[in-house]
Structure formats: structure tokens, C-alpha cells
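The values are calculated or read from the model by the stated rules, or taken from the named source; none is laboratory data. Note that the structure is predicted; figures quoted are calculated from it, not measured. Note: ideal-geometry Cβ built from the backbone for every residue, glycine included; neighbour counts use all protein chains shown.
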Amino acid sequence: MSAFSGQLVLGIDTSCDDTGVGLVELAADGSVSVRANRVWSQTVHANYGGVMPELASREHVERIDAVMDDALKEAGVRVSDISAVAATSGPGLVGALLVGLMYGKGLAQGLGIPFYATHHLEGHIYAAASESSLQPPYLALVVSGGHTHLFDVPQTGEYVLVGATRDDAAGEAFDKVARLAGLGYPGGPAVSEAAKRGDPKAVPFKVPLAGQKGYEFSFSGLKTAALLAHRAGAKPEDLAASFQAVAVKSLVQTSVRAARDLGRRTLVVSGGVAANTALRESFAATELNVIFPGKGLNTDNGAMIALAGAAAIRAGRAAHGLEDGATAYAPLANSAG
């Protein structure tokens, strides 16, 4: 028997272009610890400047066994040690989701253990659980290539959608700006690196929805403004720095204002864009207690799904049936905002 106590929860995420398998240990006292987090990031999409759904599905099928083996080795456990399985059921690319979902269901059925169909955004929120004793109420900003959502979490398992993007997700805008400026893919790291060499005031972008009373986000207009600046001859590094500065300002100002209005002192910031250094520094300068996921848990990964699964077990939620399917569009909010 492998050397661990408590329940070992396996998490699988294949919602987009990362094949993620993670293992977390749920101790008897309710605490959780990440035992393994292995991710295969697909590179084939760099040729297209964005994710190609069919290619993503094929890559998941080809890689998931190897990623699973690596996760078990990292944790020092065997398949028979797993107590429960959690896999992302949505939102995401349906073909990609089905790979991890069917893999997880088959494993759970074969081992005779509980299976939890897990919401991708809830996984991102629980990615911060390994870094602190996260307790509601708090706000959660999930900001990635496919999502820009701000949730109020008044109690465990309850999510009120406070605001979301009207158009492009923040990470999607980073990708598009990086592509038009010739900075490479994925766009987040490329823009962040180029911005270090640029002038954030070189291009006079306006903060989107600056005068709004609500808490929505918008990046489509900023993306268009970046395109016009590029055509006008803006240097790539100046374009990157100016775009990043305004995008970060929009995310931080809106989130901080929502926290003040709702009386929240803690803010969870997760998703791929949460790894952006400028964003982290800007949030650190606010009065909020801002919690970011640990290393390797910002972008899509299996450990965050395992953490969400462990939270479901801890809360006494019933396991899901094996009939749950993949869903491209799956709102997380379960209370009227």
C-alpha cells in the first residue's frame, strides 16, 4: 500500500488545449494537499494562432495515458489507491471535454469509486484552496483565454455572477494582440515579456467601460484600438506594454469596486491571466486580501479539478452518475445576481 492517509482524489481536465491530470489528498481534518499535477500543453496550435478543436481532441487522446502515468509516479501512488475521480464536464470544447470525461468515468467505473462531473470554473476557483484556508464570503475573478467572470461566493458551493465580459475574454484579447504584433503564441506570456521592453504610455488606450455602474468587462474595443495602433506604426513592445497596462487596470479597478460595494475583503484571482506579473503587482497594491493559485495551478490543470472534487466530498455532495455529458456552455452561477 502506498504511503498516504486520507482520501486520494484524481482530477482530469481536457477542456481546451491542455491535458491535465492531478492528484490531491483530502485529510481527515478536511485539509487538502496537492500530491501531483502533470500537464501536457499542446504546441500544434501555434501554427494557427489559436486553438483548433479537432486537433486538440486528437492530442488529448494521444497523451492522456502518459500524463496519467506521470501523475501517479509524481505522487508515488498506484491506480488502486485512488478514492474518487473528478473530471471536467464543461464548459469547454465538447470534443476535448469528452476525452477526459470518458476516461474519468471509465476509471471510476472500473475501480468502483465515486465520480464527480466538475465545472471548469469551479476548478479554477478551488485552485486557490491549496494556498490558504479559503473560507467564504469572498469574490472570485476567473480570467483566462476563454473566461472573464467575477463571482460573489457568499457561502461554499454558492456562486452569484456579479460581472462578465461582454465580448472577448481577457486572455483571448492578449492572444489576438500578440498575433497582430507578431509576438508569438500563447499571447499572455508573449505580451508580458514584450511589455518589459515597452512604454506603457506610448499608445493612449482608454480603459473600457470606465464610467459603468456595474461590474462588466469588455476587451473587443481595446483589441480593435490595438489593431489601429499597429497599423499606425506602433512598436510591438510599446503596443504590448500599453495594452497590458490598460487591460490590467480594467480588471483591477472593476474587481476592487465590486469588492467595496459588496463588502468583501478577500478576492481570489485565478485562470491563465492570473499568472501575469503586472496583474499580480497591481492587485497587491490594493487593500484587498488577494489570493492567487500556487505554481502550476493558474492555467488549466487536473489538480484544480481534483481540488474541486475534494471540496465536493468535504461538503457531502452526492457523486454524479455516469450519464453526465460534456457541455460547451455551462453557467456556474446558481443564484440570481
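Some points to look at:
- Some residue of the stretch 18-34 being within 29 Å of A178 (Cβ to Cβ), within 22 Å of the chain's Cα centre (by Cα) and at pLDDT below 95: yes
- Spans of strands (runs of 3 or more DSSP E) in the stretch 32-119 with at least 2 residues of a type in the set (V, I, T): 32-41, 84-90
- Residue in the stretch 147-170 that is assigned to a helix (DSSP H, G or I) and either surrounded by 21 or more Cβ atoms within 10 Å (Cβ to Cβ) or touching a residue at least 40 places away in the same chain (Cβ under 8 Å) (or both) present: yes
- Candidates L121, L141: the one that is in the same structural domain as V269 (by TED's automatic domain parsing), within 12 Å of the chain's Cα centre (by Cα) and among the hydrophobic types (A, V, I, L, M, F, W, C) is L141.
- Residue within the stretch 288-302 that is over 26 Å from D70 (Cβ atoms), in contact (Cβ under 8 Å) with a residue 24 or more places away in the chain and loosely packed, with under 15 Cβ neighbours inside 10 Å present: yes
- The lone criterion from (1) assigned to a helix (DSSP H, G or I); (2) over 24 Å from S15 (Cβ atoms); (3) not charged (D, E, K, R) left unmet by L183 is number (1).
- Flag for D261 being in a helix (DSSP H, G or I), exposed (fewer than 15 other Cβ atoms within 10 Å of the Cβ), over 24 Å from the mean Cα position of the chain (by Cα) and in the same structural domain as L161 (by TED's automatic domain parsing): yes
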